Amino acid sequence: MRHHASPLLQTGKVNQLAVEAGRGEMLGRDFFQRNPLSCARDLIGCELIWNSCAGIIVETEAYNAIGDEACHCFVRPSARAFVERNHAGAAYVYFNYGVHWMLNVMVKGREKGFVLIRALEPTRGIALMRKRRDVHDIHRLCSGPGKLTQALAITGRHDEMDLCSDENHCFRKAAASIDVVADQRIGIRRSAHLPWRFTLRDSVHVSRKVRLSRA
């Protein structure tokens, strides 16, 4: 899916003034009332706001509640119950292998599922992120799902939070058109062949380089 990429996003260099000046409106619930793939793709380039910290989303993964063996809904009744009792746009936060918290946003339209937020390009609150992560290199602050939750102090207490009603915990529309590429998902064994990982082309903030790039 090719668009004209802004210099800010294409190079991965943060320009604080450009990001703040171009910040879009908060994404409403209708953005998440569709299928997980299109939602995961269109979240690339959007900004995740989390209290005093924020970052441009440069990597996501889609998980479909139906027919996707890698999705929690396939094996966990608790995940299926989560989908049933929550609105689209709810935060789905879980502890992965007892090591890292993982931030997902629930998608609930004709198809249901989750979008995992895998990596950010930090734009605001960078000093606080560095303190929380004990890492100085800006490229390593949020270059993975566990890293970004640590940098933003996201934990299980944020599970089921509505990310469409609070300006301190939300997504904002992309400030510019971007170039998104698809690749196979990472760190899973089942349904691993599906190209449902989406990244910002040439971003230096992703968790892992693209293997099989597809427009």
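The values are calculated or read from the model by the stated rules, or taken from the named source; none is laboratory data. Every value quoted in this text rests on a predicted model; they were computed, and no experiment measured them. In this analysis, Cβ positions are derived from the backbone assuming ideal geometry, glycine residues included, and neighbour counts consider all displayed protein chains. Protein only, heavy atoms only, side chains kept; ligands, DNA and RNA dropped before computing areas. Shrake-Rupley method; radii C 1.70, N 1.55, O 1.52, S 1.80 Å.
The residue list ALA153, ALA174 contains one member that is surrounded by fewer than 20 Cβ atoms within 10 Å (Cβ to Cβ) and more than 12 Å from the chain's Cα centre (by Cα), which is ALA153. Taken over the stretch 34-43, residues that are outside any helix (DSSP H, G or I) and among the hydroxyl-bearing types (Ser, Thr, Tyr) amount to 0. Any chance the stretch 44-58 includes a residue that's open to solvent by 40 Å² or more (accessible area, probe 1.4 Å), part of a loop (DSSP other than H, G, I, E, B) and of a type outside the set (Asp, Glu)? Checking the stretch 44-58: at least one residue is open to solvent by 40 Å² or more (accessible area, probe 1.4 Å), part of a loop (DSSP other than H, G, I, E, B) and of a type outside the set (Asp, Glu).
Taking (1) at pLDDT below 95; (2) under 19 Å from the mean Cα position of the chain (by Cα) in turn, TRP50 satisfies each apart from (1). One residue alone among ARG130, ARG190, ARG140 is surrounded by fewer than 21 Cβ atoms within 10 Å (Cβ to Cβ) and not in a helix (DSSP H, G or I), and that residue is ARG190. For the stretch 193-203, taking the residues that are of a type outside the set (D, E, K, R) and assigned to a loop (DSSP other than H, G, I, E, B), the one that is nearest to ASP42 (Cα to Cα) is identified as TRP196. Against the condition open to solvent by 40 Å² or more (accessible area, probe 1.4 Å) and either farther than 30 Å from ALA175 by Cβ or more than 19 Å from the chain's Cα centre (by Cα) (or both), how does ARG124 come out, does it pass? No, not satisfied. In the list GLU61, GLU84, which residue meets the criterion of being of a type in the set (Asp, Glu) and open to solvent by 30 Å² or more (accessible area, probe 1.4 Å)? Result: GLU84 is the single residue among GLU61, GLU84 that is of a type in the set (Asp, Glu) and open to solvent by 30 Å² or more (accessible area, probe 1.4 Å).
In the set (1) crowded, with 24+ Cβ neighbours inside 10 Å; (2) under 19 Å from VAL206 (Cβ atoms), VAL107 fails one condition alone, (2). What about VAL206, is it closer than 18 Å to THR123 by Cβ and outside any helix (DSSP H, G or I)? It is true that VAL206 is closer than 18 Å to THR123 by Cβ and outside any helix (DSSP H, G or I). Of the residues making up the stretch 146-171, just one is in a strand (DSSP E or B) and in contact with a Cys (Cβ under 6 Å, 6 or more places away or on another chain), namely PHE171. Name the residue, out of ASN104, ASN51, that is touching a residue at least 24 places away in the same chain (Cβ under 8 Å), closer than 23 Å to THR199 by Cβ and polar (S, T, N, Q). The match here is ASN104. Between ALA70, ALA88, the distinction of being closer than 19 Å to ARG118 by Cβ, among the small types (Gly, Ala, Ser) and part of a loop (DSSP other than H, G, I, E, B) belongs to ALA70 only.
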